[in-house]
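Notes to accompany the following structure.
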Amino acid sequence: MAAAADSDRQLAELGREDQTLLLFARLMEGGQEDEETVRDLGKLTKLLHDDVELAKKHEPTITKVIDGDCVDTILCYLDMRQPDIVRGHAALCTSAYLEASGEDGNRKLSDFFHDRVRRGTYDDYIVAFCVAATIFPIVPDLTSELFLSEGFLASLGPLMRRKWKSRKVETACLEMLNAACMHANCREAVLKYCSEWLEEIIDQDPEDVVKAMYAADPGVNLQEGSISMRRHSLHVQNLAAVVLAKLRVSNRLNTPPSDPAAVSPSDASGPRVQPATTSVEDLSKMFTNMLLKNPEHSAQTSIEGLAYASLQSKVKEDLSKNKDFLRGLVKTLEGAPPKSPLTYGALSILVNLTVYQPVRSEEEKRMNQLKAYANAAGKLQPDSLNDNDHVSERCKRVYEAGVIPVLVSHSKNGSVASVSLIISIIYSLSMTVALRGQLAQQGAVRLLIAAWAALPETDSKARRTAAQALARILISTNPAHVFGGTRPIPQSNAIRPLASIIAPDPDAETRDLLPTFEALMALTNLASTDDDTRHSIVRIAWNDIEDQLLSSNARVTTAAVELVCNIVQSATDAVALYADGKTQANDRLKVLVALADSEDEATRSAAGGALASLTGHEGVVRAIASRERGCQVVLGLCKEESEDLRHRGVFVAYNMAATDGEIGKLAREALGAAGAIEVLTECAKKSRRSEVVEVTVQALKLFLEQA
């Protein structure tokens, strides 16, 4: 530690260029402990990051002292034979160097790659392939240019088919191809030049190779572990299968619908175009077996391969019906480190298994039909395995595998990307009404509220998805059960997420009112509990709620009025919103009375229920009695065929007639002039429920006594 401190002090006393040269001298010298190498790479990375900012201020750049040998030093630390921690810091340092050096750095990187490939030794191939695999995500355009250079891909086939194999060369090569599959042009080139020998690797039976060697030379001496005993290792075969899965899935997804290759095997009526190739379904079975038989060593490659293969509907269906696989997948996810590729891959599979097809507008459906006719002469049919019934069944199977507690655990320490996938899974599971109570019991509500709060506001899609999944669960569950228990969640924590989706998504191309409707329904359920919750809803969401009272969609309007009906059970909020005598309150009341005369019966019912509560306040009674059509609307409810509606109407009439003082007199006169006695008498005659008849008779007495 003391030596390291002295070294740091000496380094700090130097200028930036001298610091850079000294760090490279240490890294070139070798023989350091891994901790020392990591520390020097970290310091060099910081210098390069700082250099980018200083260059903007026209300070001289340190990259001019970094020559080809220096670049060679950094890149060689990306070798797969280096410890993972060293490779990780070397990748960060490479990224910083390429950013700081610009075109000069790109040229040196290109020279390094071509030089190593030109030398053609196993060591050079390993380093070149490892460098390409690492820098693909960092500088994809530059790396793809190197990758697609003339003759490079064509040379890989003979290399991989050599009689004497280096497993590290094969592994490095396949990891490079795996990374290259992220780039469309590279993927097409790999499909063209490499798919044949990838198939050979996957199909190769190592025992057959041994038998062939004995047949050719009975006296051959095969040692255990010798590279001559196994042509390709199991790990290499697994990697080749992952690459091939990416190629097969991407090719199928990007094939025009008129191409028979785009039709899944279950739908195809004719022979397969390439009967000798390994299908996505075959690869899926291979990955599944790998995961079940050897999870400790094959989990990463199996999961990565299935993350791609499970984009296909037939694979989704097969995987979801395999209970052993689902249990194994959940167990793998449970043991996967947070923020790891293994976690992300397992979550991606679960998303693929559970995702519903997007809801399309009628216009979008018509356009898709026209495209189908244009592309396939009208023969293209929707994939039945992706319809809602099949997806719903897959969701039930995934839930039964015990996935929710594992998702809850991973959500606490997951990356933003992983949390977004977790939200998507729960969103799909919440579509099934029968699962909602169980989701709440196992912690999904707490998860969704925490995720909504933790996600950055820029990630609006994931936040809206979390809020809508929360809304669905809260529509179908008792708030006392959800927010009670030994570790209760404050009900108010759910209000902001729900309020955030009342207004339609401003970024959506088509206007989807389902989130609005579900948020209003969930808030209505919460507003049935206590005054504190009602007051919080008004404080946080009233403006958006009020906007939906005049929605063009009748169901949304009804949901908004039902929420208002529950809100005004709070006397404080009822007075503040509708009964304080101010202009704004009177305007709100006019809207509510008008809705009680709506063409939609459900809306009339909800508005009548709200008025039944509000007419307990004198200010509301005065406003209705003073309005030209107010009393007519109230008595209109009393004439309804529905007994429930008549009950609301006579209760409003009774409240108005029973009001004391001048306001009560005004109400009785206004109702009487509108024909209240005749209407109430007829209502009493045709009503059968005792509570309706009782209130009607009491209201009639008030009018008859006054008369």
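The values are calculated or read from the model by the stated rules, or taken from the named source; none is laboratory data. Since the model is a prediction, treat every value here as computed from it, not as a measurement. So basically every Cβ, Gly included, is an ideal-geometry build from the backbone, and we count neighbours across all protein chains shown.
Observations, loosely collected:
- Qualifying residue in region 591-604 (condition: among the basic types (K, R) and within 16 Å of A653 (Cβ to Cβ)): yes
- Close pairs (6 angstrom Cβ cut-off, 6 or more residues apart or separate chains): farther than 20 Å from E334 by Cβ and touching a residue at least 40 places away in the same chain (Cβ under 8 Å) in region 385-410, surrounded by fewer than 22 Cβ atoms within 10 Å (Cβ to Cβ) and of a type in the set (G, A, S) anywhere: L385/S313; N386/S313
- Candidates T524, T529, T572, T615, filtered to the one that is more than 37 Å from the chain's Cα centre (by Cα), touching a residue at least 12 places away in the same chain (Cβ under 8 Å) and over 27 Å from A670 (Cβ atoms): T572
- Screening region 39-76 for residues that are of a type in the set (K, R) and part of a helix (DSSP H, G or I) and picking the one that is modelled with the lowest pLDDT gives K56.
- Cross-chain or 6+ apart pairs with Cβ under 6 Å, region 55-67 first and surrounded by 12 or more Cβ atoms within 10 Å (Cβ to Cβ), then outside any helix (DSSP H, G or I): A55/T61
- Close pairs (6 angstrom Cβ cut-off, 6 or more residues apart or separate chains): among the charged types (D, E, K, R) in region 89-102, in a helix (DSSP H, G or I) anywhere: E99/V52
- Filter result for R496 (surrounded by fewer than 16 Cβ atoms within 10 Å (Cβ to Cβ) and part of a helix (DSSP H, G or I)): yes
- Any hit, region 373-381, residues being hydrophobic (A, V, I, L, M, F, W, C) and at pLDDT 95 or above: no
- The helices (runs of 4 or more DSSP H) found wholly in region 230-324 and carrying at least 2 residues that are at pLDDT below 90 and under 27 Å from the mean Cα position of the chain (by Cα) occupy 234-254, 280-293, 295-309.
- Residues (among the aliphatic types (A, V, I, L, M) and either buried (at least 22 other Cβ atoms within 10 Å of the Cβ) or touching a residue at least 40 places away in the same chain (Cβ under 8 Å) (or both)) located in region 502-521: I502, A503, L513, L514, A519, L520, M521
- The single residue among S570, S551 that is surrounded by fewer than 21 Cβ atoms within 10 Å (Cβ to Cβ) and of a type in the set (G, A, S) turns out to be S551.
- Put simply, of A466, A440 the only residue that is assigned to a helix (DSSP H, G or I) and either at pLDDT below 95 or farther than 24 Å from D505 by Cβ (or both) is A440.
- Residues within region 393-419 that are among the small types (G, A, S) and under 16 Å from the mean Cα position of the chain (by Cα), tallied: 5
- One residue stands out among those in region 420-463 that are of a type in the set (K, R) and either surrounded by 22 or more Cβ atoms within 10 Å (Cβ to Cβ) or more than 12 Å from the chain's Cα centre (by Cα) (or both): the one that is nearest to S348 (Cα to Cα), which is R463.
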